[in-house]
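A.B. asks: After the structure tokens below, expect a handful of questions from me.
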Amino acid sequence: MLLIMDVAHAKETPVPVESFFKGAQFSDAQLSPNAESIAFLAADSNNRTMLVVMNAQAGATPTPIARYSNLDVVFFHWVNNDRLVYGISDKATGVGETQSGAGLFAIDKDGKNSRQLIDRFISRAPPKFRMLSAKMQFISTTGTDNSDDIYVGQDSSERVNPGTNLFRLNTKSGQTEIVAVPPNSGDFLFDQSGQVRVAVASKDRITSTYYKENKTAEWILLNKFDETIEDGFTPIFISPTGELFVTTRNGKDTAALYRYDTKTKSLDPTPLLALNGFDFDGKILFDNKQNKLAGIRYETDAPATVWLNEQDKKIQSQIDALLPNMVNFVDKGKATDSDIRLVRSFSDTHPGNFFLFNTSTSKITPLGEVNPDIDPAKMAYRDFVRYKARDGLEIPAYITLPKGRPAKNLPLVVMVHGGPFLRGGHWGWTPAVQFLASRGYAVIEPDFRGSTGYGKKLYEAGWKQWGLAMQDDLADAREWAVKQGYADPKRVCIAGASYGGYAVLMGLIKDPDLYRCGISWVGVSDINLLYDVSWSDTAGNAWTKFGMPKLIGDQQKDAEQLKQTSPLQQASRLKNPLILAYGGADVRVPLVHGTKFYDAIKGHNSKVEWIVYPEEAHGWRLLKNNVDFWTRVEKFLDENTAVK
């Protein structure tokens with residue numbers, strides 16, 4: 001019987017490459033504040049993304065209100081119950097071919113009273129009447145049902161300590177009003193009455209949080225801290241009455257959710273939500289009618305929601321029963337008395353669906369599917385694990401094992417996330433990982449030391465450890481997978497982008513016997529180049545001046561370490577097969593990282609496949625390039641790891 005199953009699997013036609021990487025066919029559904037209408041993005045017959053609105057009652061007809069033959073709607077927001085704003089771009093062109101921004105447009109939900117608010121093209125000519133410069137960007141809606149206003153902002157020209165000049169903009173008249181905020185402010189919180197109440201400013205290494213009691217009150221300083229040496233807090237929500245919610249470690253290893261008293265400038269002694277082994281990262285769900293906290297959305301090994309009242313708990317349970325084995329995010333807009341709920345449902349094997357749920361009838365109605373080409377029954381499960389590094393530090397990771405194959409002696413891809421100072425792994429459907437699993441590969445994704453989301457100890461253990469302990473964590477992930485019996489030690493490849501691309505190069509240099517091959521795209525090839533390339537988007541900014549010397553390495557004080565952990569300086573040691581790919585328009589890791597490394601390696605390693613997509617930037621935006629790249633990856637892996 002086992003033999004018959006293997007033969008059947010061998011003859012099964014694999015899911016086409018393009019099915020994994022095509023754009024969403026339906027996405028970003030949002031209820032109007034009163035929950036009477038729904039807006040969403042959907043692909044038309046020419047695969048252009050349009051903005052569509054429909055009545056929230058089941059059986060209503062969707063109506064496109066913003067549709068272009070050669071452009072795509074890329075984002076939108078409800079301004080109030082009757083009006084929306086949106087931005088456009090051409091998703092059929094690469095970043096290097098795009099000479100314009102998204103702009104900003106306003107339109108009524110019936111398609112009338114359209115107005116352009118922000119220009120798409122930067123020009124030296126005088127601005128058009130009541131149209132803002134393309135340097136402006138959308139910041140937030142006011143959150144009030146009876147206002148046509150939104151907030152927009154323009155970053156200041158200061159490179160090291162930029163701030164945002166904030167404006168209140170009327171979407172019908174185009175008139176603007178300057179909003180006074182503290183210097184160097186870049187992040188804001190607005191209450192439910194539409195007033196800016198919290199501003200977060202950054203200057204040099206110092207982050208400061210300011211608060212104001214009402215529109216006419218003065219800004220007061222709540223807290224300031226140097227995040228490289230001390231714990232501060234991050235404000236995430238403020239209620240109309242000034243109840244502030246923040247995340248902070250408060251002396252613990254992991255960050256939790258707290259209430260903060262703006263009058264006494266102190267935290268509540270007990271957190272609202274603390275998660276074992278995870279930093280709190282989530283969203284406050286607020287009941288505007290009762291003016292109190294309704295629920296909290298958060299993430300541990302998978303996303304979840306905790307509701308604080310029995311009615312919402314019951315509704316969540318009903319929906320979870322109708323959509324089992326899925327994460328189901330439930331939204332009711334601001335209309336707490338509405339019987340309509342919008343549901344976003346997804347899992348590790350399903351890219352996602354949107355539904356309407358009627359609480360009175362308990363009827364659930366499909367709205368749209370993110371990627372109809374994907375059959376969840378053919379996708380692989382993604383499991384969260386923790387393994388011990390060689391020094392005893394516990395490392396979180398996700399492991400994906402190919403479906404329909406025995407979980408034993410599989411070819412393995414160690415997938416390294418970029419950043420690197422962020423959380424890389426999240427439970428959900430991921431195109432690259434699912435593509436590799438569909439071709440028979442196990443994939444392990446370590447959140448190595450330096451990653452955020454799992455506590456201060458793991459994060460700080462990665463400081464100044466590029467190419468050192470951070471690299472060892474990847475080798476230890478491989479070893480764990482081998483010891484579990486999942487991976488064949490002779491058929492392991494390492495892959496990653498950006499920092500992950502750097503780790504691929506260092507892995508093949510430092511541990512050549514552990515990896516048969518490597519796949520590096522948009523990868524850093526030398527840390528000094530991160531400092532020295534003047535045309536990158538980080539050149540001379542606060543991160544380069546203050547963050548990199550502390551977290552990665554100081555060019556003067558750590559010069560020898562940076563040399564020893566530079567793939568470029570040790571290119572002659574890399575002998576294994578390698579894919580080396582870059583975007584010609586990348587300003588985060590400019591192409592010079594790739595050309596210098598390729599020039600250094602091509603004379604002694606004939607097994608390097610050099611790829612440049614001239615129109616791409618820091619990753620592949622175009623479907624044709626994704627198909628080309630991952631088709632090459634499939635062939636490369638097959639040649640070097642030979643899936644049995």
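The values are calculated or read from the model by the stated rules, or taken from the named source; none is laboratory data. Because the structure is predicted, anything quoted here is derived from the model rather than measured. Counting neighbours? That spans all protein chains shown, and the Cβs are built from the backbone with ideal geometry, glycine included. These accessible areas exclude ligands, DNA and RNA; they are computed on the full protein's heavy atoms, side chains included. Shrake-Rupley method; radii C 1.70, N 1.55, O 1.52, S 1.80 Å.
A.B. asks: Counting only heavy atoms of protein chains, what accessible area per residue, in Å², does the range 560-644 have with a probe of 1.4 Å? Intermediate values should be presented prior to the final figure.
C.D. replies: Values: 3830 Å² over 85 residues.
Heavy-atom accessible area per residue stands at 45 Å².
A.B. asks: Can you give me the long-range amide H partners of residue 447? Hydrogens built in the peptide plane at 1.01 Å from N, cutoff under 5 Å, separation of 5 or more residues or another chain.
C.D. replies: 397, 398
A.B. asks: Under 8 Å for C-alpha pairs, at least 6 residues apart: give me the relative contact order for the chain, rounded to a whole percent.
C.D. replies: Relative contact order of the chain: 9 percent.
A.B. asks: Just reorder 202, 347, 173 by solvent-accessible area, largest first, 1.4 Å probe, all chains present. Provide the component values of the computation, followed by the final result.
C.D. replies: Numbers: 202 55, 347 0, 173 35 Å².
I get 202, 173, 347, largest accessible area first.
A.B. asks: Considering only protein heavy atoms and a probe of 1.4 Å, how much of the accessible area of the chain is carbon and sulfur, as a whole percent?
C.D. replies: Working: 13940 of 28070 Å².
C and S fraction of accessible area: 50 percent.
A.B. asks: From the square roots a ≥ b ≥ c of the eigenvalues of the alpha-carbon gyration tensor of the range 44-88, which class results: rounded (a/c under 1.5), prolate (a/b over b/c), or oblate? Intermediate values should be presented prior to the final figure.
C.D. replies: Values: a/c = 3.07, a/b = 1.27, b/c = 2.41.
Since a/c reaches 1.5 but b/c is at least a/b, the shape of the range 44-88 is classed as oblate.
A.B. asks: Pull up the cross-link candidates among the aspartates and glutamates for residue 212, meaning alpha carbon to alpha carbon under 17 Å and not fewer than 8 places away within one chain.
C.D. replies: Of all the aspartates and glutamates, those that pass the test against residue 212 - Cα under 17 Å, at least 8 places apart if same chain - are 187, 191, 243, 261.
A.B. asks: Also, quick follow-up: Could you pull out which residues in the range 315-349 have an amide N less than 17 Å from a spot 7 Å beyond the Cα of residue 302, following the Cα-Cβ vector?
C.D. replies: 316-330, 344-349
A.B. asks: In addition: Beyond 19 Å between alpha-carbons counts as too far, so tell me which of 22/624; 112/289; 252/545; 109/172 fall in that bin. Show your work: numbers first, answer last.
C.D. replies: On the way: 22/624 9 Å; 112/289 30 Å; 252/545 28 Å; 109/172 13 Å.
Violating the 19 Å limit, Cα to Cα: 112/289; 252/545.
A.B. asks: For the chain, find the longest principal axis of its Cα atoms and tell me its angle to the long axis of helix 310-322, 0 to 90°, nearest 10.
C.D. replies: With both axes taken from Cα atoms, the answer is about 40 degrees.
A.B. asks: Please compute the net charge surrounding residue 166, taking Lys and Arg as +1 and Asp and Glu as -1 over other residues with Cβ under 14 Å from its Cβ.
C.D. replies: Values: positive: 135, 168, 197, 212, 215; negative: 149, 155, 177, 187.
Charge balance in the 14 Å sphere: +1.
A.B. asks: Applying the Karplus parametrisation 6.51 cos²θ - 1.76 cosθ + 1.60 with θ = phi - 60° to the phi angles of the range 610-615, what ³J(HN,Hα) value in whole Hz is obtained for each residue in order, glycine and proline being reported as x?
C.D. replies: For the range 610-615, the Karplus-derived couplings read 8, 10, 10, 9, x, 8 Hz, x marking Gly and Pro.
A.B. asks: In Å², and per residue, what accessible area does the range 74-116 have when probed at 1.4 Å with the other protein chains present?
C.D. replies: Values: 1720 Å² over 43 residues.
Ligands and nucleic acids excluded, the result is 40 Å² per residue.
A.B. asks: Helix-derived [θ] at 222 nm for the chain: sum -39500 (n - 2.57) over DSSP H runs of at least 4, divide by residue count, nearest 500?
C.D. replies: Working: 12 runs with 113 residues, N = 644.
-5000 deg cm²/dmol, from helical runs alone.
A.B. asks: Hey, what angle do you get for helix 469-483 against the long axis of the chain, alpha-carbon based, 0 to 90 degrees rounded to 10?
C.D. replies: 70 degrees
A.B. asks: Let me ask another. Please list the non-local residues whose amide H lies under 5 Å from the amide H of residue 65, H modeled 1.01 Å from N, same-chain partners needing a gap of 5 or more.
C.D. replies: Under 5 Å from the amide H of residue 65: 51, 52, 53.
A.B. asks: Here's a follow-up. Excluding residues fewer than 8 places away in the same chain, name every one of the aspartates and glutamates whose C-alpha is closer than 16 Å to that of residue 378.
C.D. replies: Once the sequence-local aspartates and glutamates are set aside, what remains near residue 378 is 6, 12, 18, 348.
A.B. asks: Can you tell me how the range 266-394 classifies by the Cα gyration tensor, rounded, prolate or oblate, using a/c under 1.5 as the rounded cut? Numbers along the way, then the final one.
C.D. replies: Values: a/c = 2.75, a/b = 1.12, b/c = 2.45.
The shape class here is oblate.
A.B. asks: List the relative contact order of the range 109-153 as a percent without decimals, with contacts defined as Cα pairs under 8 Å and 6+ residues apart.
C.D. replies: Details: 42 pairs, mean separation 12.9, N = 45.
Normalised by residue count, the contact order of the range 109-153 is 29 percent.
A.B. asks: Okay, next question. Taking 0.36 nm per residue of sequence separation and subtracting the Cα-Cα distance, how much length would be gained by fully extending the chain between residue 378 and residue 291, in nm to one decimal? Walk me through the intermediate numbers first.
C.D. replies: On the way: separation 87, 0.36 × 87 = 31.32 nm, distance 4.51 nm.
Difference between extended and current length: 26.8 nm.
A.B. asks: On a 1.4 Å probe surface of the protein chains, which of 20, 355 comes out largest in accessible area, and what is the full order? Don't skip to the answer; put the middle values down first.
C.D. replies: Working: 20 5, 355 25 Å².
Output order, biggest surface exposure first: 355, 20.
A.B. asks: Convert each backbone phi in the range 488-495 into a coupling constant with the Karplus relation 6.51 cos²θ - 1.76 cosθ + 1.60 (shift: θ = phi - 60°), then list the ³J(HN,Hα) values in order as whole Hz, x for Gly and Pro.
C.D. replies: Karplus-based 3J(HN,Hα) across the range 488-495 equals 7, x, 8, 9, 10, 10, 10, 9 Hz.
A.B. asks: So which of 128/203; 557/596; 334/363; 403/490 end up more than 32 Å apart, counting from Cα to Cα?
C.D. replies: Pairs exceeding 32 Å: 128/203.
A.B. asks: While we're here: With a cut-off of 8 Å between alpha carbons and a minimum separation of six or more residues, what is the relative contact order of the range 333-478 in percent?
C.D. replies: Numbers: 278 pairs, mean separation 30.1, N = 146.
Result for the range 333-478 is 21 percent.
A.B. asks: Let me ask something additional. What does the charge count around residue 589 come to, taking other residues whose C-beta lies under 14 Å from its C-beta (Lys +1, Arg +1, Asp -1, Glu -1)?
C.D. replies: Here the charged neighbours net out to -3.
A.B. asks: Of the labelled options (i) 24.8, 83; (ii) 25.4, 77; (iii) 28.2, 115, which one gives Rg and Dmax of the Cα atoms in Å as computed for this structure?
C.D. replies: The listed entry that was calculated here is (ii).
A.B. asks: Now a separate question. With all protein chains present and a 1.4 Å probe, how do 379, 50 order by accessible area, largest first? Display every interim value, and only then the final one.
C.D. replies: Values: 379 0, 50 25 Å².
Result of the area sort, largest leading: 50, 379.
A.B. asks: Extending each Cα 7 Å along its Cβ direction at residue 388 and residue 639, get the distance between those two points in nm, one decimal.
C.D. replies: 4.1 nm
A.B. asks: Okay, moving on. Which GluC sites (Glu not before Pro) in the range 210-257 pass both tests, a DSSP loop state and at most 11 other beta-carbon atoms within 10 Å? Don't skip to the answer; put the middle values down first.
C.D. replies: Values: sites: 213, 218, 227, 230, 243; in loops: 213, 218, 227, 230, 243.
The qualifying sites are 218, 230.
A.B. asks: Can you work out the Karplus-derived ³J(HN,Hα) for every residue in the range 421-432? Use 6.51 cos²θ - 1.76 cosθ + 1.60 with θ = phi - 60°, whole Hz, and x for glycine or proline.
C.D. replies: Computed from phi, the couplings for the range 421-432 are 8, 7, 7, x, x, 9, 6, x, 7, 10, x, 5 Hz.
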